[in-house]
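Some notes on the structure that comes next.
The values are calculated or read from the model by the stated rules, or taken from the named source; none is laboratory data. Keep in mind that this is a model prediction, so the values were computed, not measured. Cβ atoms come from the backbone with ideal geometry, glycine included; neighbour counts cover every protein chain shown. SASA here: full protein model, heavy atoms, side chains in, ligands and nucleic acids out. Shrake-Rupley method; radii C 1.70, N 1.55, O 1.52, S 1.80 Å.
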Amino acid sequence: MVLATTLALGTSAWAQGAAPRVKLATSAGDIVVELAPEKAPKTVANFLQYVQDKHYDGTVFHRVIDGFMIQGGGFTADMRQKPTRAPVPLEASNGLKNAKYTIAMARTGDPNSATSQFFINVKDNTMLDAPNPDGYGYTVFGKVVAGSEVVDKIRAVQTGNKSGMQNVPLDTITIQSATVVAK
């Protein structure tokens, strides 16, 4: 009932419980995200498998757009893309919104193409909520519960072009480790 009421009010909060939490220890500080397996079970399982496999350790936030989002989980500091497992099916119509400090899966134009890359919204990005912007939306699967000041620090860094990519932080921001801190 609390969840339905909260979602009806248009926020991205969900009921507190035994939701898993993952700490992203970054070179800019720690970010803790609480995942929503009841809303995005395949996406959460996918993310947790990458955490368990240590995939995120040593990756960087490779795309930072202040006023939009910070994206990471796929590239090393030398901008080499890490190999990934098969994509996870889209779960964007799960009731969670791309609100400030939520974590969502990055994907290509194919709605079922999300693998390891994720982004943290740095503002309410309603234009990414299903069915926007392309008829599908972007899957939100958690929220930042500690370290929002670190997210804000990262979103404000200077960016430029590197290895053919835009909006890359000029000073590398590395995810040193990703670990489950609560279940």
Name the single residue that is surrounded by the most Cβ atoms within 10 Å (Cβ to Cβ) among those in the range 148-183 being part of a strand (DSSP E or B) and in contact with a Phe, Trp or Tyr (Cβ under 7 Å, 6 or more places away or on another chain). Ala178
Only residues that are open to solvent by 40 Å² or more (accessible area, probe 1.4 Å) and either touching a strand residue (DSSP E or B) at 6+ places or on another chain (Cβ under 8 Å) or over 24 Å from Arg107 (Cβ atoms) (or both): list them for the range 128-147, please. Tyr138, Val145, Ala146
Quick one: in the range 103-127, of everything that is of a type in the set (A, V, I, L, M, F, W, C) and without any contact (Cβ under 8 Å) to a residue 60 or more places away in the chain, which residue is surrounded by the fewest Cβ atoms within 10 Å (Cβ to Cβ)? Met127
Tally, over the range 105-129, of residues that are in a loop (DSSP other than H, G, I, E, B) and over 29 Å from Ala182 (Cα atoms): 4
Would you pick out the residues in the range 21-67 that are in a strand (DSSP E or B) and surrounded by 21 or more Cβ atoms within 10 Å (Cβ to Cβ)? Val22, Leu24, Thr26, Ile31, Val33, Leu35, Thr59, Val60, Phe61, His62, Arg63, Val64
Is the range 75-86 home to any residue that is open to solvent by less than 60 Å² (accessible area, probe 1.4 Å), in contact with a helix residue (DSSP H, G or I) (Cβ under 7 Å, 6 or more places away or on another chain) and outside any loop (DSSP other than H, G, I, E, B)? no
Hits in the range 98-121 - residues which are of a type in the set (Gly, Ala, Ser) and in contact with a helix residue (DSSP H, G or I) (Cβ under 6 Å, 6 or more places away or on another chain): Ser116
